[in-house]
């Protein structure tokens, strides 16, 4: 059985032992910050026990807003993946999470930035799944939602530091959701598990976009993050399968830490 390190366990482990184990398991971390074990511990244990809310706790308004946009898209991406597996009830239920959890804050942030409200596109995806629409129609509506969120984010006009911080927050949220989806070595919450996977895919897309940025420091940092993200694949296995692999959440925490260290020089 694969050992799973939950967030709660991280916070109770001794500092030295936890840091040493993280570095041994993920040697790339030692190359990034060989003399900063205290920072390693901070990155591995940070995020709080609030999952997504913990990931943006203390963030600036701009970082929190950009992160929420990604979280909304990640929820719907996860819901669509569940729908594709025939888990319609779970998909429809998960698609309602953003409205219940964060859309009030998202709409307020959009209004403050004079950005269009994409709520109709969000609802269109949910309605398609609720109505039992063909997968192609659901996918098309999801693609439209992604375009609407990208337009609302207006990422090209967002400071680089904000974009990197939002990506790191998203990776922390993924780690928290993944850890919370595992119980006694089994996947107990498929919705949270799929959320974690969706969040990572969005972070991967953002890192890829930033890798081609004109700023050489940002491009190098994004390239390092892009190279680190495949480490998370071992925690998920084949996501096309209905039987889900209960892997090790520390993989996701380690990649979030790598992303933080890699982007430290970005202004």
If you line up the Cα atoms of the stretch 55-181 on their principal axes, what length do they span on each, largest first, in Å?
40, 34, 22
Obtain the nm distance between the two label points defined at residue 242 and residue 157 by a simple spin-label model: each point lies 7 Å from its Cα along the Cα-to-C-beta direction.
4.7 nm
Can you tell me how much longer the chain between residue 107 and residue 57 gets when fully stretched, taken as 0.36 nm per residue apart minus their C-alpha distance, in nm with one decimal?
16.1 nm
Extension gain, residue 184 back to residue 85 (0.36 nm per residue minus Cα-Cα distance, nm):
33.2 nm
Roughly how many Å is it from the Cα centre of the stretch 89-164 to that of the stretch 61-87, as a whole number?
7 Å
Could you calculate the contour length gain from residue 223 to residue 133, that is, 0.36 nm times the residue separation minus the distance between their Cα atoms, to one decimal place in nm?
28.6 nm
State whether the stretch 135-202 is rounded, prolate or oblate according to the following rule on the C-alpha gyration tensor (a ≥ b ≥ c being the square roots of its eigenvalues): a/c under 1.5 gives rounded; otherwise a/b larger than b/c gives prolate, and the remaining case gives oblate.
oblate
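Quick note: the coordinates plus some simple rules give every number you see, no bench work behind them. All values derive from a computational prediction rather than experimental measurement. Positions of Cβ are generated from backbone atoms using ideal geometry, with glycine treated the same way; all protein chains shown enter the neighbour counts.
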